[in-house]
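What follows is a short report on a single structure.
The values are calculated or read from the model by the stated rules, or taken from the named source; none is laboratory data. Small disclaimer: the values here were computed from a predicted structure and weren't measured. So basically every Cβ, Gly included, is an ideal-geometry build from the backbone, and we count neighbours across all protein chains shown. Heavy atoms of the whole protein, side chains included, go into the accessibility calculation; ligands, DNA and RNA do not. Shrake-Rupley method; radii C 1.70, N 1.55, O 1.52, S 1.80 Å.
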Amino acid sequence: MKHIKFIHAADLHLDSPFVGLKHMPTDLFEVIRESTFLAFFRIVSYAIKEKVDFILLSGDLYDEEDRSLKAQLKLKSEFEKLDKAGIDVYVIHGNHDHMSGKWLEVEWPQNVHVFSSKMVEMKKFTKKGLPLAYIYGYSYPTRSVVENISNQYIKNDNSSVYHIGMLHGSIEGNKEHDVYCPFKISELVSKGFDYWALGHIHKRQILHHSNPLIAYPGNIQGRHRKEAGEKGFYIVEMNGLDIRTEFVSTEEVIWEEVEVSIEGINNITELLRRCERVMFEIKERNKSTCLTIVLTGMDRFSSTVHAQGMEEDIVDILNEQENTQDHFIWVVKLINKTIQPRENNPKLDAFLTDLHKTVENYTSFDEVIQPLAKHPTFRQYLEKFTLEEQKQLLKEAEQLLHRELLQNSGSK
Ligand SMILES: [Mn+2]
């Protein structure tokens, strides 16, 4: 089989309104409003520069079923650039941009191939007259498609081409997301395809590493604080049985969460200074950032922070200084997880000190998670925890115990 190189992206959510950020200064908000487009422009320039064979867009191109005209026209002009460069685009529509919405019809250039909403369809990708890949896909006819359509994906018997499935949906039984087009990983594996280009879940993840590779690229631009970190697409190269994917980031604005400890802080000025130092470090990265600050730690100062309205005041003061238009940093939320130490309870203090020591010197991590590690589902989805992840989990466990203990002891 010939070498092919393509881009797999999904969940563009073009023209997302970012309603929660409307109170931001207008010039900053404008950057955010354009961010989904800017992220998509990056995909297109990358495709042209790297001369990819084609682009797969696995659903939710638009944020709303009524597809804003602005989004459609921008998309069209980008598709035209790709057409000039000889790059094909394969599109399926998902729950956000299903086919029952009302929109002004825009005509696409001839390089754009939209999959049917009646049944799973197969389209051939050819290069210089030779078929190189068969691409299978399905668009949502309505917002909610709850049946399993994976049985409709049937490999067209041709061993000399790559077989790629495009599907917008989630794993059966997924509790965190709306289960649309539910599938089982084993079902997708059994189809004999080479690659599954999934969409719908906004967090990037690889569900199956090879033969076939099954991947969610996640969305291309974070839209709120729960969609933190880098966002982008996968560049996929296939050469016979050898398949490689690499993540390329596209976000214009990054959402991030940082912890700031209140320990050793005596007054609000010191707290502000500590937050500003963290913000300064982030600013050095030259990337526009929507920041969530999580205050942590146990200290007497905690009671001051808990005073009513304090969180919002701190956010306002920190944001007041924001005056740069390129690479801004904007605090979207301050979450207070600080703990007020209890007075005159030597028993509890001693226990908490012991707890802290235990966490610091903890060595039985592997032993404790063994029952979990033995579980086939765990092994299928999760890799071994890195040392850093182990430390983070332990720290979170300590904080959780802390909070629970202090809350319970306070109420008795
Ligand atoms: Mn989506």
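Each residue of region 146-162 was assigned a 3J(HN,Hα) from its phi angle through the Karplus expression (A = 6.51, B = -1.76, C = 1.60, θ = phi - 60°), giving 9, 8, 7, 9, 5, 5, 7, 7, 10, 5, 7, 4, 7, 7, 8, 10, 7 Hz with x at Gly and Pro. A probe of 1.4 angstrom, applied to the heavy atoms of all protein chains, finds SER186 with accessible area near 80 square angstrom. Taken about its Cα centre, region 253-341 carries a charge dipole of about 180 debye when Lys and Arg each add +1 at the Cβ and Asp and Glu each add -1 at the Cβ. Counted over region 4-249, the DSSP beta bridges are approximately 45% antiparallel. In the chain, taking the dipole from charged Cβ atoms about the Cα centre, the farthest positive-side position among HIS402, LEU69, HIS93 is held by HIS93.
The stretch between SER249 and ASN156, if pulled fully straight at 0.36 nm per residue, gains 30.1 nm over its current Cα-Cα span.
Counting 0.36 nm for each residue step from PHE351 to HIS209 and taking away their Cα separation leaves a gain of 46.6 nm.
Based solely on its DSSP helices, what 222 nm [θ] is calculated for the chain when runs of n ≥ 4 H residues each add -39,500 (n - 2.57) and the sum is averaged over all residues, nearest 500 deg cm²/dmol? Could the numbers behind the result be given before it?
Values: 11 runs with 133 residues, N = 412.
Rounded to the nearest 500, it is -10000 deg cm²/dmol.
Accessible surface of ASP157, taken over heavy atoms with a 1.4 Å probe and every protein chain present, rounds to 150 Å².
Counting Lys and Arg as +1 and Asp and Glu as -1, what is the net charge of the other residues whose Cβ lies under 13 Å from the Cβ of ASP53? Here the charged neighbours net out to +3.
For PHE183, nonlocal amide neighbours, meaning residues 5 or more places apart or on other chains whose placed amide H falls under 5 Å from its own, are SER170, ILE171, GLU172. Going by accessible surface with a 1.4 Å probe and the largest first, ARG244, ARG33 read ARG244, ARG33. Remark: accessible surface ordering of SER210, SER116 (largest first) is SER210, SER116, probe radius 1.4 Å.
In debye, nearest 20, what is the charge dipole magnitude of region 185-343 about its Cα centre with +1 on Lys and Arg Cβ and -1 on Asp and Glu Cβ, if you could check? Present the calculation step by step, with values, prior to reporting the outcome.
Values: 18 positive and 26 negative charges, 80 e Å.
Computed about the Cα centre, the dipole is about 380 debye.
Amide H contacts of LEU12: LEU61, each under 5 Å away and 5 or more positions distant or on a separate chain (H built 1.01 Å from N in the peptide plane; Pro and chain starts excluded). Ranking CYS290, PRO131, VAL19 by Cα position along the charge dipole of the chain, where only Lys, Arg, Asp and Glu carry charges on their C-beta atoms, puts PRO131 farthest toward the positive end.
Please list LYS51, LYS283 in order of solvent-accessible area, largest first, computed with a 1.4 Å probe with all protein chains present.
Values: LYS51 160, LYS283 65 Å².
Descending accessible area places them as LYS51, LYS283.
The dipole here belongs to the chain: it is taken about the Cα centre, uses +1 on the Cβ of Lys and Arg and -1 on the Cβ of Asp and Glu, and is about 1100 debye. Of all beta bridges that DSSP places with both ends in the chain, some 35 percent have antiparallel geometry.
For the pair THR142 and PHE385 in one chain, pulling the backbone fully straight at 0.36 nm per residue adds 83.5 nm over the alpha carbon distance. A 1.4 Å probe, protein heavy atoms only, puts the accessible area of GLU383 near 130 Å².
Positive-end ranking of ILE265, VAL359, ILE335 along the dipole of the chain, with charges on Cβ about the Cα centre, is headed by VAL359.
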